[in-house]
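FYI, it's all coordinate maths here, none of it is from the lab. Bear in mind that the values here come from a model prediction, so they are computed numbers and not experimental data. Neighbour counts run over all protein chains shown; Cβ positions are idealised from the backbone, glycine included.
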Amino acid sequence: LLAILWFSYWQTVAAYPSNGGSYIVAKDNLGTGAGLLAGTALMVDYMLNVAVGISSGIGALTSALPILHPWTLWLCLVVLVVITLMNLRGTRESGLAWAIPTYLFIASLGFILVWGVIKAMGVSGHPQAVVQPPAVAQSAEAITVWLVLRAFASGCTAMTGVEAVSNGVSAFREPRVRHAHGTLSVIVIVLGFLLVCIAHVAQAYDIMAMDQTKEGYQSVLSQIVGAVYGRGWLYYVTIGSVLAVLCLSANTSFVDFPRLCHLVAQDGFLPKAFAVPGRRLVYTAGILFLAAGSGALLTVFGGITDRLIPLFAVGAFLSFTLSQAGMAAHWRRSTEGRGRHAKLLINGTGAIATGVALVIILLAKFVEGAWLTVVVIPCTLMLLLLVRRYYDDVDAQLLAGSNRRIDVRNREEALVIVPISRWDRVSRKAIEYALRLSNDVTALHVTTLAGPDGEEHENTLRREWTRFVETPARESGLRPPKLQLIPSQFRSVVAPVLREIEEARDRFPCRPVFIVLPEIVEGRWWGYLLHTHRERRVRARLLRYGGPTVAVIGVPWQLTASEPEEGLAEEEPVAAS
């Protein structure tokens, strides 16, 4: 099966040098529906890949340091946060971080496996273990076809990363196809070598899988290294590299998941935030969403690999099947004469082989947890279709009538309303701005104080309004802005303002109404906690329910730690005669 995938994706990379992921291939050759199904399956698989990779890595760590076993879940979450932060910094920095652990993993584990094979061959296949593997109860289950199929289904999870090369061809340097082919070949050769050697050494040393939830857990790789070479320095180097490379295998998902979401979002099936790169030119929304989903999986399943494995590989092999079927359709319609039938045969064989493997995985793992993936993929697909329907509705509303000329006949002066809490520099700036928009300006002030204090506050505001607003406006030949005081029975501020604005809108149904909101912009993060932010609530309600004739304009005032530059419209001193 691995060999079939190698040849199949070799052709996919050559046919799609820009991006040959399952989503693109299936969409181009089998239609949008098949493309979305492949994309959805890959999204689920990428999320599971992060959870399985990290939980497996922490399983290796707790095998070497059993004292950490009770903290398995917390260790998984810490590793997830670290990987997420590294990817948010950008792929250049993160790529350098996982190159060394990857090479160390291949070298150290490869040496252990080769040495184990040599030792086994020297004693007719029954070597003596340096550290005896823990005794595990023997299974009484007979070797049947069903048992072999279940084992095959579990083994298929090792192949889920093969498709990553075709997804990320655009990330390679030129010549991209040649570099992608080389990377694909290295992945397949190393993976095949590790699978064969691990299977041989595990059988030779009588190594069996253990329950990760129980104390004294030892991963298969930990048992192999201990049995072949003991628990010396090489054991800890090898297990350290296993930990690093298994945890960092999640980086495949962190690289390809945001790219896939970017492509799907460009087609309108995901929120547009997934299509926009962040400050460091990475798709921040995709990275954060993947981290949140993977964290939820790790939390729900306790960071235990055996609980996650049954969910794994269904999405990958579904995308494999659709991708290879799409390539077969591509070669079937291709006008290329040379080698077209051979290429069709290879990708057709790949589609059949991966399809059969998918059926086996579903049958073997359905009760153990694969049913959850079968439910999640269609539900996610429905969500994508609903997102696209929403964007289609938005476009229908925004583009309807856009081919008409603008209406220049209605030139009626706008009514400008400025809510103010008191007379200060922020209010002054808002009134000055409002007078540039219209001569019909009304300031709204809600009085929440009763009795003598309330009367004194109102009289003070009226005096300031006459001195600083009405008098300068009359002297300039402008219509003085009006000050309207609104009593609030229940000391509410937002509701009375909204009510007055609604009444003004109803009095002038065809007249534009501009709401100029004075806003304080705090330069210190903690300063936001010390303000009521009423203007934001007014803005939100007006934008939602204001109607087509109401426009909301914010006039910001940036707060600084410096002293005021000048007083509030201080009167010029009168020169002595």
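Brief remarks follow.
- Annotation: lysines with alpha-carbon distance below 27 angstrom to Lys365 (same-chain offsets under eight excluded): Lys214.
- Label point distance in nm, Phe490-Trp115, each placed 7 Å from Cα along Cα→Cβ: 7.8
- Förster radius 35 Å - calculated FRET efficiency between Val196 and Arg231 (Cβ-Cβ, nearest 0.05): 0.90
- Full extension of the segment from Ile553 to Ala3, taken as 0.36 nm per residue of separation minus the current Cα-Cα distance, would add 191.7 nm.
- With 0.36 nm allotted per residue and the present C-alpha distance subtracted, the Asp206-Val300 stretch has 30.6 nm of extension available.
- Formal net charge of residues neighbouring Val276 (Cβ-Cβ distance under 15 Å; K, R +1; D, E -1): +3
- Taking a straight line from the alpha carbon of Lys482, these lysines sit under 30 Å away, with near neighbours fewer than eight places off in the same chain left out: Lys429.
- Gain upon complete extension [Glu413, Glu336; 0.36 nm per residue less C-alpha separation]: 21.0 nm
- Cα long-axis angle, helix 250-266 against the chain (0 to 90 degrees, to the nearest 10): 50
- The residues packed around Ala329, meaning those with a beta-carbon under 13 Å from its beta-carbon, carry a net charge of +4 if Lys and Arg are +1 and Asp and Glu are -1.
- Looking at the chain, the pairs of alpha carbons with a distance over 46 Å make up 40% of the total.
- Listed by chain and number, the lysines placed with their C-alpha closer than 26 angstrom to that of Lys343 are Lys27; residues fewer than eight positions away on the same chain are left out.
- Using a cutoff of 8 angstrom between alpha carbon atoms and counting only pairs six or more residues apart, the relative contact order for the chain works out to 18 percent.
- In this structure, Ala171 and Thr560 have a Cβ-Cβ separation that, at R0 = 51 Å, corresponds to a calculated FRET efficiency of about 0.70.
- Helix 371-399 axis, angle to the chain major axis (alpha carbon atoms, nearest 10°): 30
- With the simple spin-label model, which puts each label point 7 Å out from Cα in the Cβ direction, the Arg536 to Leu149 separation comes to 5.8 nm.
- In this label model, Arg499 and Asn439 are separated by 3.3 nm, measuring between points 7 Å along each Cα→Cβ vector.
- FRET efficiency for Glu455 and Val521, using Cβ-Cβ distance with R0 set to 41 Å, rounded to 0.05: 0.80
- Beta bridges by DSSP in region 415-558, antiparallel share as percent, to the nearest 5: 0
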